[in-house]
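Presented below is the structure to which this report refers.
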Amino acid sequence: MSSSLRMRLTLWYVGAFSVVLILFSAGVYFFVEHILRERMDANLRFTLQATTSALTRHAVPSSSSNVEGQVEHSSVADALEDPRFPGQIVAVVDADGRVLARRPASSTLGVRVPPLPLRASSSPKFYELPESNPDTDDSCRGIYQLLTPVSSSGPSSIIVVTTSMEGLSDQLDTLQNVLAIAIVLALLLSGGGGWFLARQSLSPVAAMASATERITANNLGERLPVGPSDELGRLASRFNDLLARLSASFSQQRQFMADASHELRTPLSVVRTAAQVALQKPERSDSEYREALAVIEKQAGHLSRIVQDMFALARADTGAIAVQSEEMYLDEVLTEAAQTVSVLANRKEICLEMPTLHEAPYRGDEGLLRQMFINLLDNAVKYTGEGGRVHILLERMESEYIVIISDTGIGIPSEAQPYIFDRFFRADKSRTQTMDGNGAGLGLSIARVIAEVHKGRLELQHSDSTGSTFSVSLPRS
């Protein structure tokens, strides 16, 4: 593909350059032709004026035997002896078309005048005649003018100045050959240069393609070579950023699978152990079977919650989480969540402090919001010791609602705070030991996802040994 791209770039470059070069050469050709013709016409006009002046000076009145006012042949010949212009033929033609005189007489180029020369006027007229036949090169360009007679009754003559077009044709042919050779050489050089430049420009792309072929899911740590800070260098940098994100995503996925396997293995092991113990003896009392079934039921519920949370996070990752927006009151949802968690709080003698909440009309998914508040309150109760307090506050701002949940628990270590919203993350053994064994480290992750799908945000405002404070911001519109 790179070779094809190099070829296309070279062809485009040569094509564009050839069009420009051909147009430029055509312009030069026509400009030079125009200059040469203008110079030729200027020379012809000057010769005509000089000849007319000479004939006027040598004109003599006619004798008794001649027609009055006619220019004698001898005087015409004398007049044409004065101006000498190489490459030109000067002739005087009478009314009958006879050549009275011409100079130079020995020139191989004949005097060729346009048809009906008697229509000549007193002002100069240019003419151009092609070759008379393919075997002769007698194309010419000339100028003619009516010679004013000495007397009004005298006959008229035509002055003709002509020159061969062969010299002009040879010059233009030479120019055409030079331009053609220059165009061919320029196209060859531009093609070679274009191929070299395309190859040099696309060599980083070839290097990146070779590097990407070596990168697999097992070595995402490799990176593409980054060249100069041009477009290709920035492209390589963006690919490296993409690889970094992919590597982080793969690592997160592997860690997620490992953590999920670990979280699922423990309750499954408990279920299997309870079943094996119950089946070891042929007969057991009803209470023993009920105790074993209670353990199994508890662990099955734990498994069910983990699977549901994992499914919710998987849908959030794919953007397929469904939000059923409806009109509701945020204060009522928060009160219902507090009532749900109050059972666990009462068991630990934790005081749930919630001042009177004002009406907070809101449009969102009531079920998801309730789950978010329950997760936050459940974490606050779990990590707060017996006799502690959990405070709930709902503030109504100009453009958003802010829900603040604070506790007097053991707090979160500062080094663990950046990772508390990661999946399956639990800070340390001391925090885990305070749990009732039902947590899997997914509550805060799910809570943040719910806040984000409502265009809000979930943040940890403060956490130390005196407790933690979380805030949820939800836009009112």
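The values are calculated or read from the model by the stated rules, or taken from the named source; none is laboratory data. This one's a predicted model, so the numbers in the text were calculated from it and none came from an experiment. In this analysis, Cβ positions are derived from the backbone assuming ideal geometry, glycine residues included, and neighbour counts consider all displayed protein chains.
Out of all the residues in region 156-200, which are farther than 30 Å from residue 123 by Cα and β-branched (Val, Ile, Thr)?
Selection gives 174, 178, 181, 183, 184.
I want to confirm something. Restricting to region 19-69 and keeping residues that are at pLDDT 85 or above and of a type in the set (Asp, Glu), which single residue is surrounded by the fewest Cβ atoms within 10 Å (Cβ to Cβ)? So that I can check it myself, show each step before the final result.
Restricting attention to region 19-69, the residues satisfying the condition of being at pLDDT 85 or above are 19-49.
After this cut, where a residue has to be of a type in the set (Asp, Glu) as well, the list is 33, 38, 41.
Details: 33: 15, 38: 10, 41: 15.
Across region 19-69, the extreme among qualifying residues is 38.
Tell me whether region 378-400 contains one or more residues that are in contact with a His (Cβ under 7 Å, 6 or more places away or on another chain), small (Gly, Ala, Ser) and either touching a residue at least 12 places away in the same chain (Cβ under 8 Å) or surrounded by 16 or more Cβ atoms within 10 Å (Cβ to Cβ) (or both).
Applying the first criterion (in contact with a His (Cβ under 7 Å, 6 or more places away or on another chain)) to region 378-400 yields 396.
Okay, now just the ones that are also small (Gly, Ala, Ser), so none.
No, there is no match, as no residue in region 378-400 is in contact with a His (Cβ under 7 Å, 6 or more places away or on another chain), small (Gly, Ala, Ser) and either touching a residue at least 12 places away in the same chain (Cβ under 8 Å) or surrounded by 16 or more Cβ atoms within 10 Å (Cβ to Cβ) (or both).
Can you tell me which of (1) surrounded by 14 or more Cβ atoms within 10 Å (Cβ to Cβ); (2) not assigned by TED's automatic domain parsing to the domain that holds residue 454 is the one residue 369 doesn't meet?
(2)
Confirm whether residue 198 is touching a Lys or Arg at 6+ places or on another chain (Cβ under 6 Å), in contact (Cβ under 8 Å) with a residue 60 or more places away in the chain, over 30 Å from residue 31 (Cα atoms) and outside the structural domain of residue 31 (by TED's automatic domain parsing). I'd like the intermediate steps shown before the answer.
Values: touching a Lys or Arg at 6+ places or on another chain (Cβ under 6 Å): yes; in contact (Cβ under 8 Å) with a residue 60 or more places away in the chain: yes; over 30 Å from residue 31 (Cα atoms): yes; outside the structural domain of residue 31 (by TED's automatic domain parsing): yes.
Here the answer is yes, as residue 198 does meet what is asked.
Within region 414-431, can you find the residues that are at pLDDT below 60, assigned to a loop (DSSP other than H, G, I, E, B) and surrounded by fewer than 17 Cβ atoms within 10 Å (Cβ to Cβ)? Explain how you work it out, then say what you get.
Restricting attention to region 414-431, the residues satisfying the condition of being at pLDDT below 60 are 427-431.
Add one more test, that the residue is assigned to a loop (DSSP other than H, G, I, E, B), and what stays is 427-428.
Within region 414-431, just 428 meets the criteria.
Go through region 256-273 and count every residue that is touching a helix residue (DSSP H, G or I) at 6+ places or on another chain (Cβ under 8 Å) and more than 26 Å from residue 443 (Cβ to Cβ). Show your work before the answer.
Kept after step one, since they are touching a helix residue (DSSP H, G or I) at 6+ places or on another chain (Cβ under 8 Å), are these residues of region 256-273: 260, 263-264, 267-268, 270-271.
After this cut, where a residue has to be more than 26 Å from residue 443 (Cβ to Cβ) as well, the list is none.
Residues that pass the stated criteria total 0.
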